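Below is one structure, written out as structure tokens, with a few remarks after it.
Just so it is clear, none of the values below were taken in a lab; they were calculated from the coordinates. Small disclaimer: the values here were computed from a predicted structure and weren't measured. Please note: Cβ atoms are built from the backbone with ideal geometry, for glycine as well, and neighbour counts cover all protein chains shown.
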Amino acid sequence: MEQILILKDLFNIATKQDELSWEPFRPGVDIYRLYQDGEEGARAALLRYQPGASVPMHDHLGYEHILILSGSQTDRNGEYDAGTLAINPPNSHHSVISKGGCIVLAIWEKPVLIRNNTCQ
């Protein structure tokens, strides 16, 4: 039988966040990995930003889908509140900050290249 992952009630994840095994990702940003298809394949994760935390300028090698589950985050295109879906196309780039903190669902078609040449 295939092992499946089910996360219920995602829009209330902030009230249940302590039930997940978060790992450090970037300063002030934790990650809960959902899946990763090899080194160059698709991946998905929950990202938890502390107030004021950011992810530096990075390039999208494939599509990136970001669903804001709680709080808000900002990039050069604007501020996105809970319930917003942002889709960044291949060959786009941006940096992200969350002034008040947030939790997002991130789905990447391909790895993201942080401008200091490391993939996530």
- Would you grab the residues whose amide H sits under 5 Å from the one on Y63? Only those 5+ places off in sequence or on another chain, please, with H modelled 1.01 Å from N. E109, K110
- Whose amide H sits under 5 Å from the amide H of L7, counting only residues 5 or more places off or on another chain, with H placed in the peptide plane? none
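With N set to the number of residues, divide the alpha-carbon radius of gyration of region 52-96 by 2.2 N^0.38 Å and report two decimals.
Compared with the compact-globule rule of thumb, region 52-96 sits at 1.11.
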- In whole Å, how far is the Cα centre of region 77-120 from that of region 30-58? 9
- D_trans [Stokes-Einstein, Kirkwood Rh over alpha-carbon pairs] for the chain, 4 °C, 1.567 mPa s, µm² s⁻¹: 89
- Item | Test item: Cα-centred dipole of the chain, Lys/Arg +1 and Asp/Glu -1 on Cβ, debye | 280
- Each residue of region 56-69 in order: what ³J(HN,Hα) in whole Hz does its phi give by Karplus 6.51 cos²θ - 1.76 cosθ + 1.60, θ = phi - 60°, with x for Gly and Pro? x, 3, 9, 9, 9, 7, x, 5, 10, 10, 10, 10, 6, 8
- Task: Quick one: compute the contact order of the chain, relative version, from alpha carbon pairs under 8 angstrom and 6+ residues apart, as a percent.
- Result: 29
- Using helices alone, what [θ] at 222 nm do you get for the chain, with -39,500 (n - 2.57) per DSSP H run of 4 or more residues, divided over all residues and rounded to the nearest 500? -500 deg cm²/dmol
